[in-house]
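Novice: Please see the structure below; I have some questions.
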Amino acid sequence: MYKQILFSLCAVAFLACNRTKTVSTEKAETGVCPQITNIQARCSTSLDGEWNYIVDIYGAGYLDYRRNPVSVKNSFFRDRGFYGHQKELIEYDFDAAPTLHVPGDWNTQKPELYYYEGTVWYRTLFHQKKKPGCRYFLYFGAVNYEAVVGLNGEVLGKHTGGYTPFNFEVTGKLADEKNSLVVLVDNARRFENVPTVNFDWWNYGGITRSVLLVETPETFIRDYCVQLKKDDPGIISGWIQLDGPDAEQQVCVDIPELEAGVQVRTDANGYARFEFAASPELWSPESPKLYSVAVSSESDRVEDRIGFRSIETRGTQVLLNGKPVILRGVSVHEESPFGAGGRATNKEDAVQTLQWAKDMNCNFVRLAHYPHNETMVRTAEEMGLMVWSEIPVYWTIDWKNPETYANAENQLVENITRDRNRANIVIWSVANETPVEAEGRLEFLSSLMGKARSLDDTRLVSAAMEKKALGGGRMTVNDPELVKIADLISFNQYVGWYDGDADKCDTITWEFDVEKPVFISEFGGGALAGRHGDRTERFTEEYLEYLYQKNVDMLSRIPGFAGCSPWILKDFRSPRRMLPGIQDDYNRKGLVSEKGVKKSAYFVMQDWYSSLKK
Ligand code: GCU
């Protein structure tokens, strides 16, 4: 907590020093400007590559020896090496510092940073030939967990949340020659954070996704929504948001393959809604059709690849394009399937991971427990995989803290803003396994669900809840209030692992008070790939295979069963998993090992899902 105050104060100090000479104790202005969407289609320069870094355990780069924030010019944001050698005493030098690759976590790049949690300074130098009349933005795909960003010795602002994009406008702040970009990253876990201090995955820190310098016209198309009109599949509707001084412009949406489109005029706020008749081939896992869509204004043009589909529930059924669908899913963490693991960052990571899901006959992936990188979502869309997208409101959040709620809501908004045009996202999830009895929790989650629906009323909204026993082998979901608000009865259950043995599955019957689709968002158990023994011996492949067989039988008996996403596709790192010789920092519930070996339980799911295919 103390460090958090200091970190925020430091950010305030840096920000305040740029505007006033007194340090405000108000919450730091973030300085982040509205998110630019479809970033891959923009004119940009990649700043990925080798960045110099300085590990700063005690905050010496921004705090004096009494731990008071220093001024920017006395902080590492000044980037001494950039200004050349000075007579004054300076005890750091980015030019002489080692490098980390961006994008990427520091934990798997440097053995000495494997467990590191705290602050690390990153610095890169870049040139940019500025064009008159253009605007410039620094775009970060994600930084875990908190980032204070400085350019040429000036602090631009701070972003909190480790899994969603953010950008700062730097028009007029770029130097003609070399630019020094300095980012102070802090991945320390804190009670008031989202997620909070305890979670079952590795706290990979760093600039974990790409960094871009984006060039736009003075007035540009910042954001848009193009999708099938809710409850009217013969209409494509949406809106366009311009950003810049020339707000009122003719704007067009054009889908050449459909010979359909529209021209409208934006209002004084640069905003326009539209709709037009069209009969697109609908996106589905079996036919993941994407259309080239051009959105243009009098001064800008962006192209995107967009699919069109509807998703809704009717009674206990989930309907995709009006037809019942069983969500044949699997849960996935954002971890590379190659080499040292660490944060997945690129197309190759996404294709390999999602191909394991496709080979298992999946049509759905739960991207747990936080928004994955945009490449993962877009690759899943191309490969015909529906997505459960989730923000990391995980376990014992600080429910009564308004800043914690604001952080969670901001991560939800940033997630929906980035991905609202991805047809394969069918569920926005606002939480995972949160304590139903915690004071303030229901209000917190129902507010998030309301926010999600206010931003996007075309998708399902839910959360991963938990189960409870009713006695006599009867079980139900343990969330009587939230399940009334959610679109799904979605919950995690571990009968056979945390709750009895696999044979217990035979004794369970499930019942629910509400008439909604039932989605089992987690089930499973652990096994070390290649460890064999009797099916009663935990962590053997035989135990896991039998557990899956028994769970499949049990799930098949659930009234209103609409799908599941067993936990989890691949073994993943977690500091909570310390059993020597078996876990060794890995959660072993993967159906595939971290080396890509498919455990025998994988084939139980592959066979079952094959039988569920219509
Ligand atoms: C929980 C939780 C997961 C966790 C899993 C486990 O259900 O949602 O994040 O990894 O159980 O215990 O392995």
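Novice: Can you tell me the order of 113-126, 527-540 when each peptide is scored by its average per-residue count of other Cβ atoms within 10 angstrom, highest first?
Specialist: Averaged packing, sorted descending, gives the order 113-126, 527-540.
Novice: Mind checking the dipole of the chain: about its Cα centre, +1 per Lys or Arg Cβ, -1 per Asp or Glu Cβ, Debye to the nearest 20?
Specialist: The calculated dipole for the chain is roughly 320 debye.
Novice: Sticking with this one: Give the separation of the Cα centroids, the range 251-298 to the range 379-445, in Å.
Specialist: 28 Å
Novice: Compute the label zone of D584 within the range 318-354: residues whose backbone N is under 14 Å from the point 7 Å along Cα-to-Cβ.
Specialist: Residues 340-341 fall inside that zone.
Novice: Ok, one more. Once amide H atoms are built 1.01 Å from N in the peptide plane, which residues 5 or more positions from F166, or in another chain, come under 5 Å H to H?
Specialist: F140
Novice: Quick check: pseudo-label points 7 Å beyond the Cα along Cα→Cβ at E117 and F603, how many nm apart are they?
Specialist: 4.0 nm
Novice: Length gain on complete extension for the stretch E259 to E50, per 0.36 nm per residue less the alpha carbon to alpha carbon distance?
Specialist: 70.7 nm
Novice: A further question on this structure: Hey, what do the phi angles of the range 116-133 turn into as Karplus ³J(HN,Hα) couplings, whole Hz, using 6.51/-1.76/1.60 and θ = phi - 60°, x for Gly and Pro?
Specialist: Calculated HN-Hα couplings, in order: 5, 10, x, 9, 9, 8, 10, 9, 9, 10, 8, 9, 8, 7, 7, 9, x, x Hz.
Novice: Still on this model: Output wanted: per-residue J couplings in Hz (rounded whole) for the range 341-355, from phi through Karplus 6.51 cos²θ - 1.76 cosθ + 1.60, θ = phi - 60°, x for Gly and Pro.
Specialist: x, x, 4, 6, 9, 9, 4, 4, 4, 5, 5, 5, 4, 6, 5
Novice: With a cut-off of 19 Å, note down the residues of the range 244-265 whose backbone N falls inside the zone around a label point 7 Å from the Cα of E281 toward its beta carbon.
Specialist: Residues 255-261 qualify, since their backbone N sits under 19 Å from the label point.
Novice: Among 542-553, 187-198, 464-475, how do they line up by average Cβ neighbours within 10 Å per residue, starting with the highest?
Specialist: 542-553, 187-198, 464-475
Novice: Another question, if that's okay. Going from the alpha-carbon gyration tensor of the chain, what semi-axes, largest first and in whole Å, does one get by taking the root of 5 times each eigenvalue?
Specialist: Semi-axes, largest first: 40, 31, 21 Å.
Novice: Could you give me the ³J(HN,Hα) list for the range 322-327, computed from phi with Karplus coefficients 6.51, -1.76, 1.60 and θ = phi - 60°, whole Hz, x at Gly and Pro?
Specialist: So the J values, rounded to whole Hz, are x, 10, x, 9, 9, 7.
Novice: Using the 10 angstrom Cβ neighbour count as an exposure proxy, how do I485, I54, I240 rank, fewest first?
Specialist: Lowest to highest Cβ neighbour count: I485, I54, I240.
Novice: So if R0 is 60 Å, what FRET efficiency would K230 and A340 give, r being the distance between their Cβ atoms, rounded to the nearest 0.05?
Specialist: Rounded to the nearest 0.05, the efficiency is 0.85.
Novice: Oh, and also: What distance in nm separates the two pseudo spin-label positions at S454 and V514, each 7 Å out from Cα along the beta-carbon direction?
Specialist: Placing both labels 7 Å beyond Cα along the Cβ direction yields 2.0 nm.
Novice: Between K178 and D267, what is the FRET efficiency for a Förster distance of 45 Å, r being their Cβ-Cβ separation, to the nearest 0.05?
Specialist: So, using R0 = 45 Å, E works out to roughly 0.65.
Novice: Could you tell me which of I57, H127, W202 has its Cα farthest along the dipole of the chain towards the positive end, charges placed at Cβ (Lys, Arg +1; Asp, Glu -1), taken about the Cα centre?
Specialist: I57
Novice: How tilted is helix 374-383 with respect to the longest principal axis of the chain? Cα atoms for both, answer in degrees (0 to 90, nearest 10).
Specialist: On a 0 to 90 degree scale, this one is about 40.
Novice: Suppose the chain between L319 and N401 were pulled fully straight at 0.36 nm per residue; how much longer would it get relative to their current alpha carbon spacing?
Specialist: 25.8 nm
Novice: Separate question: I'd like the orientation of helix 541-556 relative to the chain: the angle between its Cα long axis and the longest Cα principal axis, in ° from 0 to 90, rounded to 10.
Specialist: Relative to the chain, helix 541-556 is tipped by roughly 80 degrees.
Novice: Sorting S454, S310 on the 10 Å Cβ count, fewest up front, what's the list?
Specialist: The order, fewest Cβ neighbours first, is S454, S310.
Novice: How much length is gained if the chain between E88 and K613 is pulled fully straight, taking 0.36 nm per residue apart and subtracting their Cα-Cα distance, in nm to one decimal?
Specialist: 181.9 nm
Novice: In whole angstrom, note down how far apart the Cα centers of the range 88-160 and the range 174-204 are.
Specialist: After rounding, the separation between the Cα centres reads 10 Å.
Novice: Fewest to most neighbouring Cβ within 10 Å: what's the order for M386, M605?
Specialist: M605, M386
Novice: Mind listing the long-range amide H neighbours of R366? Cut-off is under 5 Å, sequence gap 5 or more, other chains count too, H placed in the peptide plane at 1.01 Å from N.
Specialist: The answer is V330, S331, V332, W388.
Novice: Per DSSP H run of at least 4 residues, take -39500 (n - 2.57); add these up for the chain, divide by its residues and hand me the 222 nm value, nearest 500 deg cm²/dmol.
Specialist: Mean residue ellipticity at 222 nm (helix-derived): -5500 deg cm²/dmol.
Novice: Oh, and also: By how many degrees, between 0 and 90 and to the nearest 10, does the Cα long axis of helix 441-455 differ from the longest principal axis of the chain?
Specialist: Roughly 70 degrees, rounded to the nearest 10.
Bear in mind that the values in this text are calculations on the coordinates, not laboratory data. Since the model is a prediction, treat every value here as computed from it, not as a measurement. Methodologically, a virtual Cβ is constructed for each residue, glycine included, from the backbone with ideal geometry; neighbour enumeration extends over all protein chains shown.
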